[in-house]
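Working notes, structure below.
The values are calculated or read from the model by the stated rules, or taken from the named source; none is laboratory data. Being a predicted model, the structure only gives us computed values, none of them experimental. Heads up, the Cβs are rebuilt from the backbone with ideal geometry, glycines too, and the neighbour counts pull from every protein chain shown.
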Amino acid sequence: MGGGPYDFDFRWPDTASNPVVTNTSPRKLALGPAEYLIERHQGKTNVLWCDGHVKATSLDFLARKNKQDVMFAFTIQDDANQ
């Protein structure tokens, strides 16, 4: 597993075990105590997208799910059915 305050990646075992956004301060998109993304500056986290651009993004945006209940921002699954 990756994630945490000093890692530069985040992944989880499969798309069925979606992480959740915590209500802590600062908020985290977490699977467990050591696997998470954290919102920092202005409630956002920096994301390097596959096309090479970087953007400050909210956890709510990353946690969106499609009709198949999959967080499509993290997968290559069909996201046309958002």
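Under the condition of being in contact with a Pro (Cβ under 7 Å, 6 or more places away or on another chain) and not in a strand (DSSP E or B), which residue from region 27-71 is surrounded by the fewest Cβ atoms within 10 Å (Cβ to Cβ)?
Arg40
Any idea which of Val47, Val20 is touching a helix residue (DSSP H, G or I) at 6+ places or on another chain (Cβ under 8 Å), of a type in the set (A, V, I, L, M) and at pLDDT 85 or above?
After ruling out the rest, the residue left standing is Val47.
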